[in-house]
Ligand code: ATP
Ligand code: MG
């Protein structure tokens, strides 16, 4: 193993590509910030118990993918595999739900950790931007979140994604369906592990990717036929609101989240250019989660979008983001005195909000101009002893190659005007 190798399943974000990740995070956050969601940041690790309860003991995340460890002090912690449980924990701890302003709307952005088999689009360290609306049962809230995610993807320029939508029912109707599904599954020719899953988490079996399992699932009871009237009405309202907003979606009866505290609305964003790691984001309602982690009843809904896969989706569609230039002006001083003068000019430009950089290390003209070129700057400013004696600097347009002398004390204003 080389010393300079990131751990398996991880990768570094480095310039210039890292700029795209920042832009994706910002683009996903923008509609949330504009819709009453406040920023929340929680620790990168929590008590392992929170995830065991809050993600679910029977999920792959908890049984196989979690980085759990014991500290020197004996605390049992885990690196966070997802955001919802932590955000809800933090909201409860700070009593945000008691401030009398429900729903509590929060957004977050950060690193998540899962011990998975690394492949394209599936990493052990990845990044998500997420949103949670806590403490309110209102179909408009479910619709809002779906619409905002759609808006974020579209703002980035993504087109080839689809929104899959389903309802999981609630604590009235789902148990009836669950029992019917279990009856059906027990009659099939399934391996032991799948039969065990049918016992603990039968809805998950519907999700099985294997063809021989899928073949047997034809004719399985469908949740839609079991939804109670309240759930049907709720789901119809979510569908109507999204439709009215002009957001296209597909009804997908097979879209499930197996745990009991996931209720009603569930959705996934898939991109068709990503092969088997096609989910770029997902979410839904989790009316029972708060009680599951020891809190009061707080019906809530949220989503998490994967930043890594969103970047891959942009690549798959060939979308070039319009990124602001890293450097607009590059200063090339020739000699000691020019170094002081141009360093001052660069500082002034930066204060004025112009992205400016400087040739460090006392390079000669040729080397420094190479740096100016590489920086992508629109303009270079060059000054030597003779320029300084005349009170000017040379302003070079890096696109046309044209050069003109500009008075040193006017250069900041001239550049500000040129760069608009
Ligand atoms: P998958 O079925 O692909 O494993 P998931 O259901 O585990 O996805 P969620 O827990 O819903 O994913 O997480 C939301 C989003 O986070 C996913 O849609 C995906 O974009 C991203 N994501 C999840 N796990 C990973 C990972 N290991 N590497 C990169 N991105 C991930
Ligand atoms: Mg997963």
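Laboratory data are not the source of any read-out in this text; all were calculated from the coordinates shown. Fair warning: this is a prediction, and the values are worked out from it, not measured in the lab. Using ideal geometry, Cβ is built from the backbone for each residue, glycine included, and neighbour counts are taken over all protein chains shown.
Please report the relative contact order for the range 33-78, taking Cα pairs under 8 Å with a sequence separation of at least 6, and give it as a percent rounded to a whole number.
Values: 31 pairs, mean separation 17.0, N = 46.
That works out to 37 percent.
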In a GNM of the chain with a 10 Å cut-off on Cα contacts, which of 11, 286, 113 has the highest mean-square fluctuation? 11
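Can you tell me, using C-alpha contacts under 8 Å and at least 6 residues apart, the relative contact order of the range 1-140 as a whole percent?
With pairs under 8 Å counted, the relative contact order is 27 percent.
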Round to the nearest 10 and give me the degree value, 0 to 90, for the angle of helix 18-33's Cα axis relative to the longest principal axis of the chain. 60 degrees
Using alpha carbon centroids, what distance separates the range 242-272 and the range 17-46, in Å? 22 Å
Modelling each spin label as a point 7 Å along the Cα-to-Cβ direction, I'd like the residue 196/residue 33 distance in nm, to one decimal. 4.7 nm
Evaluated at 10 °C and 1.306 mPa s, the Stokes-Einstein D of the chain based on the Kirkwood radius over Cα pairs, in µm²/s, stands at 64 µm²/s
Residues of the range 302-316 with backbone nitrogen within less than 18 Å of a virtual label 7 Å along the Cα-to-Cβ line of residue 154, please, listed as ranges. 314
Per DSSP H run of at least 4 residues, take -39500 (n - 2.57); add these up for the chain, divide by its residues and hand me the 222 nm value, nearest 500 deg cm²/dmol. -11000 deg cm²/dmol
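Let me know the shape class of the range 329-419, please: from the alpha-carbon gyration tensor, a ≥ b ≥ c as square roots of the eigenvalues, rounded when a/c is under 1.5, otherwise prolate if a/b is greater than b/c, or oblate. Can you show the working numbers first?
Details: a/c = 1.26, a/b = 1.05, b/c = 1.19.
Verdict is rounded for the range 329-419.
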Acute angle (nearest 10 degrees) that the helix 307-317 long axis makes with the longest principal axis of the chain, alpha-carbon atoms: 80 degrees
In whole Å, how far is the Cα centre of the range 175-194 from that of the range 381-416? 77 Å
Restricting to Cα pairs under 8 Å and 6 or more apart, the percent relative contact order of the range 328-410 works out to 32 percent
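How would the range 1-144 be classified by its alpha-carbon gyration tensor: rounded, prolate or oblate, with rounded meaning a/c under 1.5 and the a/b versus b/c comparison settling the rest?
Numbers: a/c = 2.11, a/b = 1.28, b/c = 1.65.
Oblate, because a/c is 1.5 or more while a/b does not exceed b/c.
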Using the alpha-carbon centroid of each, what span in Å lies between the range 306-378 and the range 95-132? 33 Å
Among 14, 293, 147, which one shows the biggest mean-square fluctuation in a GNM of the chain, springs joining Cα atoms closer than 10 Å? 14
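When a/c is below 1.5 the answer is rounded, else prolate if a/b is larger than b/c, else oblate, so apply that to the range 61-144 with a ≥ b ≥ c taken from the square roots of the Cα gyration tensor eigenvalues. Mind dumping the intermediate values first?
Numbers: a/c = 3.06, a/b = 1.51, b/c = 2.03.
Oblate.
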Cut-off 10 angstrom, C-alpha nodes, Gaussian network model of the chain. Which of 84, 194, 71 fluctuates the most? 71
